[in-house]
Amino acid sequence: MGEAILVTGGAGFIGANFVLNWAEVVGTPVINLDLLTYAGNPASLDALRGDEGHLLVHGDICDGELVAASLREHQPRALVHFAAESHVDRSIVEPDAFVRTNVQGTFTLLEQARLYWSQLDEPDRSSFRFLHVSTDEVYGTLGPQDAAFTEETPYAPNSPYAASKAGSDHLVRAYHHTFGLPTLTTNCSNNYGPLQFPEKLIPLVILNALEGKPLPVYGDGGNVRDWLYVGDHCSAIRAVLDRGQVGETYNVGGNSERKNLDVVTAVCDLLDELRPDAAIGARRNLITFVKDRPGHDRRYAINTTKIERELGWQPAKRFEAGLRQTVEWYLNNPAWVDNVRTGGYLHWIEQNYAERLAR
Ligand code: NAD
Ligand code: DAU
């Protein structure tokens, strides 16, 4: 077994940030298995072009033979699993791909990892890790006064996305319990930062506001999310990979609960300051309340006591500073933005928002 790690979904938002951070902070080789769906973008990894420490393998995590060959050939010391269908709204329109990639794909990885791991000799067998990156959405929704999610909160997924992630979490748990596969699971809150595909709230609002387009806020805008800067999520995953207790799960969050309407307003004010436009005027006026997401979870909040106490991890970035940096990143990277807003993206925007905005 070498010092390489196998990452899945490393051309997506969090995966690409993780791979870039890994190259900077750790520097050991990364094999990056990614299907390059609409959400995967090799341009996000341009900084690693020509770097022998990064190998992008274009392929599907549901392809057992490909996964087996990648493990056999590269002999990784760990598998860090990001690949997923990740957008709740898409899971409501077309759930099939979520069950396939998130459940069947995770199962395929677990099964191939088990076969690979079971043939390792000590001490490699004991030190191998399968780290599964999951979400706080598996815990369902909170009322305004409810205590934040802990690792003991019962699962109650509400969307097809959340249910498919819950299914994958249960498979990971079972592979540890039944076969002893050395697994780790992280359940994280909403990420934001550079390289996020502009179907998610923050980048969608930045780009619409920049162009003076309506800013679609679902329902009354009072839903609450616990925002975490993506670089902090990456450092949490490194901490869990390094020092996490095998078989355990760790909740990861930003201690930054915000109402959606407050997030959207903050983006408007930042853009008015950084890129004022007399023809558009105050961007808060672009806010448009639209038909709610079916089954929309009201509030998520993460209790980070376990990862802080056991692994000494804390989020480093305050939300206001991270949001400013994120807005600046989108302003400074128009080529990346143009590259992802292609035909498929325009089709999704039409499909999800045309009727909502016509009301
Ligand atoms: P993303 O949608 O931006 O990226 C997903 C990546 O997976 C893409 O590169 C895509 O090409 C790849 N992929 C999809 N299907 C694949 C398949 N069958 N085989 C190989 N690759 C495939 O997602 P993200 O926001 O970066 O999320 C990454 C992970 O983190 C997901 O597992 C998600 O559930 C979890 N997560 C995300 C957040 C968040 O706020 N974005 C929060 C907590 C947890
Ligand atoms: O909590 C972690 C999860 O966070 C991850 O597991 C998911 O992969 C990730 O997509 C994210 O899910 P959300 O559904 O919370 O993120 P999204 O950006 O889609 O929406 C954030 C909030 O903003 C949510 O309450 C819905 C609302 N929203 C979203 C969009 C796209 C709007 O009001 N308008 C919009 O146009």
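Go through region 61-91 and give me each residue that's touching a residue at least 60 places away in the same chain (Cβ under 8 Å) and closer than 26 Å to Ser126 by Cα.
Those that are touching a residue at least 60 places away in the same chain (Cβ under 8 Å) and closer than 26 Å to Ser126 by Cα: Ser70, Leu71, His74, Gln75, Pro76, Arg77, Ala78, Leu79, Val80, His81, Phe82, Ala83.
Residue-wise test of (1) within 15 Å of Ile307 (Cβ to Cβ); (2) among the aliphatic types (A, V, I, L, M); (3) not in a helix (DSSP H, G or I).
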site	(1), (2), (3)
Asn208	no, no, no
Asp220	no, no, yes
Gly231	no, no, no
Ser235	yes, no, no
Val267	no, yes, no
Asn285	no, no, no
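Within region 309-324, being touching a Phe, Trp or Tyr at 6+ places or on another chain (Cβ under 9 Å) and without any contact (Cβ under 8 Å) to a residue 12 or more places away in the chain holds for one residue alone: Ala321. It is to be established whether one or more residues within region 77-86 are more than 29 Å from Arg341 (Cβ to Cβ), surrounded by 15 or more Cβ atoms within 10 Å (Cβ to Cβ), away from ligand 2 (no atom under 16 Å from the Cβ) and over 18 Å from the mean Cα position of the chain (by Cα). The answer is yes; a qualifying residue exists.
Residues considered: Ala209, Ala236. Of these, the only one that is crowded, with 20+ Cβ neighbours inside 10 Å, more than 9 Å from ligand 2 (Cβ to nearest atom), at pLDDT 95 or above and more than 24 Å from Gly281 (Cα to Cα) is Ala236. Take the conditions (1) more than 15 Å from ligand 2 (Cβ to nearest atom); (2) buried (at least 20 other Cβ atoms within 10 Å of the Cβ); Glu248 misses just one of them, which is (2). Picking from residues in region 27-45 that are of a type in the set (Val, Ile, Thr) and in contact with a helix residue (DSSP H, G or I) (Cβ under 7 Å, 6 or more places away or on another chain), the one that is surrounded by the fewest Cβ atoms within 10 Å (Cβ to Cβ) is Ile31.
For region 103-155, filtered to residues that are farther than 19 Å from Asn303 by Cα and touching a Cys at 6+ places or on another chain (Cβ under 7 Å), the residue that is surrounded by the fewest Cβ atoms within 10 Å (Cβ to Cβ) is Gln104.
If the condition is being among the hydrophobic types (A, V, I, L, M, F, W, C) and either closer than 26 Å to Ala78 by Cβ or modelled with pLDDT under 95 (or both), then region 163-192 contributes Ala166, Leu171, Val172, Ala174, Phe179, Leu181, Leu184, Cys188. Mind listing whichever residues of region 113-162 are assigned to a loop (DSSP other than H, G, I, E, B), touching a strand residue (DSSP E or B) at 6+ places or on another chain (Cβ under 7 Å) and within 12 Å of ligand 2 (Cβ to nearest atom)? Across region 113-162, the qualifying residues are Thr141, Leu142. Of all the criteria given as (1) within 14 Å of ligand 1 (Cβ to nearest atom); (2) more than 25 Å from Val340 (Cα to Cα); (3) in a helix (DSSP H, G or I), the one not satisfied by Leu261 is (1).
The values are calculated or read from the model by the stated rules, or taken from the named source; none is laboratory data. Keep in mind that what you see is a predicted model, and the values were worked out from it rather than measured. Reconstructed Cβ throughout: ideal geometry from the backbone, glycine too, with neighbour counts over all protein chains shown.
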